[in-house]
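Scroll down for the structure; my scribbles are underneath it.
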Amino acid sequence: MVHKPPRLLLAIWWKNFQPKVSIFFNRNSIIYLSAIYWLSRIPFLSFGYGSDADSWRVIENGLEFLINNNYIWSRFPGYPLYELPIYLIADKGPIVTNTLTALIGFFCMIIFRKIIRHHLGLGNDIANITSLIFCFIPVIWNASTITMDYLFSELFLLISWYLIKDEGRLELSSISLGIAVGFRPNNGIFIIPIIIGLLLFNRKYNLTGKKSLLRCIYYFGLFCVSSFISMLPVYLNYDILLSLGSISTWGSISTWTYYLIAGYHILELMGVIGGFAFSALIIYLVISNKSSPRLCFNFSTDPSLMISILGIGINFILYSFFPFESFYLIPSIPFLLYMVLKFAYINQEIYGLNLRKVFGMFLLIIFINGFIDINLWKRNSAGKMSISKPFIGHGFVLADFYKRKSLLNEAQYLLTEGNFNRPCLILSGWHYAIIRVHKKLYFENKNCDCEIAQIINENKLKELLNSGTSVYYTSGVESQLNTVFNYTIENYPEAIYLNFED
């Protein structure tokens, strides 16, 4: 009997019995994509409505709507196409509303996959890998498990982008963009890249100048009409011009603080490790192309590339005015992925070096980054976030999950288990809406030992402390007091910080 060397046996096994990974990318790939998507979302659906107070305000107004049937916006300028359906199921609990968001997120992934197939003409393998990257970008992963409007509007923006290529679907594309406005009004700004993309598609199809112009005017007009109809509940209930004067602001924020906030949320977009990996991927594509200067962007053959570049630019310009949530940059994600994929696709030399492995590696990094990341911020003993030395900590997805659990524990403790020194006041900052909703849903007949307020000015704080009232505060209060009333509660050691982070 001839004994074959172990390395030879391994080679034979790998050649003949290696796992058929390609099965994931066959015609049944939607089933596998669906399984991966839902397995990654289900564990996060039952832990409250989210770590953003806005999601709880939507539920709070929904509970009022179920009682009196009056539409009240959750915040300016109103998000009626999102608010009204959520209001109808506001009393069903977070699993129901979060699952609805997850379903919308799944359709976002599928439509983005179709854009890659339809606009770039790529095969299932690359389309599936890129759509999974979209799926596991930390901010998308998080947004798809909470009760917020970001992905609802994103879905119709993606549908509008997908349909813009086909002449017979212009009406549906325009209406879809108008519907996106009804879910999130600021996304109406993306009419600019879409219209410019339409002009390029017209040129690609050899349409005359007059006909091209008329098609764009028709598209824009239909968009305006559908946007107006989408926002009709707001117009019927509010005087928008008068409401402009009552918009709450962040007060006076220093330039340094402004840049810190903006940078923090940009890093949340993909995570620190994921952001570096994405940057490395772009650098890799550029450097690998140096021996082949054939790379160029031909916008006339692929107008979606222009849509992507302009979409990214407009999104970041809009974000620069309000850099307070990483979710505001969600529209840029499919544009960024499309642009990089197009970059790699044009470079035939790179594509020949097995682009699937490159994107597959990035997918793995992005997935892991949701759980583990390099942290640059740390909360001190008084709940204040500040820059720290880099350390390995939780990724955005896992950190937000623990934050959501902490907020639920906090509300439960304050409403049922707290044993506070009386008389007392609890300053809850932006947690205030979460505590109110938690009480309405689960503890309507119970009273907290303390009065709960959002924030108070410094004179009122001194008055309470001097009168012997115990003052407690939760995380986030420090920054809000500093922004609105320009004082630091840490200067008052008599005030007691309630830590629910652990």
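Set side by side, the residues Y71, Y87, Y37, Y49 differ, and just one is surrounded by fewer than 19 Cβ atoms within 10 Å (Cβ to Cβ), assigned by TED's automatic domain parsing to the domain that holds S153, in contact with a Phe, Trp or Tyr (Cβ under 7 Å, 6 or more places away or on another chain) and at pLDDT 90 or above, which is Y71.
Determine whether the range 404-418 contains at least one residue that is loosely packed, with under 15 Cβ neighbours inside 10 Å and either in contact with a His (Cβ under 9 Å, 6 or more places away or on another chain) or not in a helix (DSSP H, G or I) (or both). It would help to see each step written out before you state the result.
In the first step, residues of the range 404-418 are kept if they are loosely packed, with under 15 Cβ neighbours inside 10 Å; the result is 405, 409, 413, 416-417.
With the extra rule that they be either in contact with a His (Cβ under 9 Å, 6 or more places away or on another chain) or not in a helix (DSSP H, G or I) (or both), the set shrinks to none.
Within the range 404-418, not a single residue is loosely packed, with under 15 Cβ neighbours inside 10 Å and either in contact with a His (Cβ under 9 Å, 6 or more places away or on another chain) or not in a helix (DSSP H, G or I) (or both).
Pick from T97, T101: which is under 22 Å from the mean Cα position of the chain (by Cα), within 24 Å of L163 (Cβ to Cβ) and among the hydroxyl-bearing types (S, T, Y)? Spell out the reasoning first.
Values: T97 fails: within 24 Å of L163 (Cβ to Cβ).
Result: T101 is the single residue among T97, T101 that is under 22 Å from the mean Cα position of the chain (by Cα), within 24 Å of L163 (Cβ to Cβ) and among the hydroxyl-bearing types (S, T, Y).
Where helices (runs of 4 or more DSSP H) fall wholly inside the range 420-486, the ranges with 3 or more residues that are surrounded by 16 or more Cβ atoms within 10 Å (Cβ to Cβ) and at pLDDT below 90 are 432-442, 477-484. How do the pairs read when you match residues in the range 123-134 that are over 16 Å from I366 (Cβ atoms) with residues anywhere that are of a type in the set (S, T, N, Q) and surrounded by fewer than 24 Cβ atoms within 10 Å (Cβ to Cβ), using Cβ under 9 Å and keeping only pairs 6 or more apart or on different chains? Qualifying pairs under 9 Å: N124/N26; N124/S29; D125/S22; D125/S29; A127/S29.
If you check F76 against the conditions, is it in the same structural domain as D239 (by TED's automatic domain parsing), at pLDDT below 90, of a type in the set (A, V, I, L, M, F, W, C) and closer than 30 Å to L232 by Cβ? Quick ask: steps written out before the conclusion?
Details: in the same structural domain as D239 (by TED's automatic domain parsing): yes; at pLDDT below 90: yes; of a type in the set (A, V, I, L, M, F, W, C): yes; closer than 30 Å to L232 by Cβ: yes.
Judged against the criteria, F76 is a match.
Here are some residues: L122, L103. Which one is closer than 19 Å to L39 by Cβ and either of a type in the set (A, V, I, L, M, F, W, C) or in contact with an Asp or Glu (Cβ under 8 Å, 6 or more places away or on another chain) (or both)? The match here is L103.
Results for (1) in contact (Cβ under 8 Å) with a residue 12 or more places away in the chain; (2) out of contact with any Ser or Thr (no Cβ under 6 Å at 6 or more places or on another chain); (3) not polar (S, T, N, Q), shown as yes or no for each residue.
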position: K92; (1), (2), (3): no, yes, yes
position: V139; (1), (2), (3): yes, no, yes
position: I164; (1), (2), (3): yes, no, yes
position: E167; (1), (2), (3): yes, yes, yes
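Yes/no per residue for (1) under 27 Å from L84 (Cβ atoms); (2) touching a residue at least 12 places away in the same chain (Cβ under 8 Å); (3) among the hydroxyl-bearing types (S, T, Y):
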position	(1), (2), (3)
N186	yes, yes, no
I195	no, yes, no
S212	no, yes, yes
R215	no, yes, no
F220	yes, yes, no
C224	yes, yes, no
I229	yes, yes, no
Y235	yes, no, yes
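The values are calculated or read from the model by the stated rules, or taken from the named source; none is laboratory data. Quick caveat, the model's predicted, so the values are computed rather than measured. Glycine gets a Cβ as well: all are built from the backbone with ideal geometry, and neighbour counts include every protein chain shown.
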